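Each value in this text was obtained by applying a stated rule to the coordinates, not by laboratory testing. All values derive from a computational prediction rather than experimental measurement. Cβ atoms come from the backbone with ideal geometry, glycine included; neighbour counts cover every protein chain shown.
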Ligand SMILES: [Zn+2]
Ligand SMILES: [Zn+2]
């Protein structure tokens, strides 16, 4: 599959300090063995100001909630 440029950022998993967590995570949400990860604390979606009239950010403990708000934001502000 060819790489398509993403129009909008995806929901990110983040650590407590706000940095993106790209570590392997087990199905119970804990860092996989051997991963140098302080542990994910939640999920963030940030809509960059250049893609959006109003900078928009949502942060929550569950991906489902953030994805829902992300979809809602993209539907209501970008289409
Ligand atoms: Zn991590
Ligand atoms: Zn936006």
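Dividing the Cα radius of gyration of the chain by its Kirkwood radius returns 1.02 for Rg/Rh.
Placing pseudo-labels 7 Å out from each Cα toward the beta carbon at residue 52 and residue 7 gives an inter-label distance of 1.5 nm.
Working out 0.36 nm times the residue gap between residue 76 and residue 28, then minus their Cα-Cα distance, what length gain in nm do you get to one decimal? Before the final figure, lay out each step's value.
Numbers: separation 48, 0.36 × 48 = 17.28 nm, distance 3.28 nm.
That works out to 14.0 nm of additional length.
For the chain, the longest principal axis of the Cα atoms and the long axis of helix 63-78 meet at an angle of about 20 degrees. Using 0.36 nm per residue and subtracting the Cα-Cα separation, the extra length available between residue 17 and residue 59 on full extension is 13.8 nm. Got the relative contact order for the chain handy, in percent, Cα pairs under 8 Å and 6 or more residues apart? Relative contact order for the chain comes out at 25 percent.
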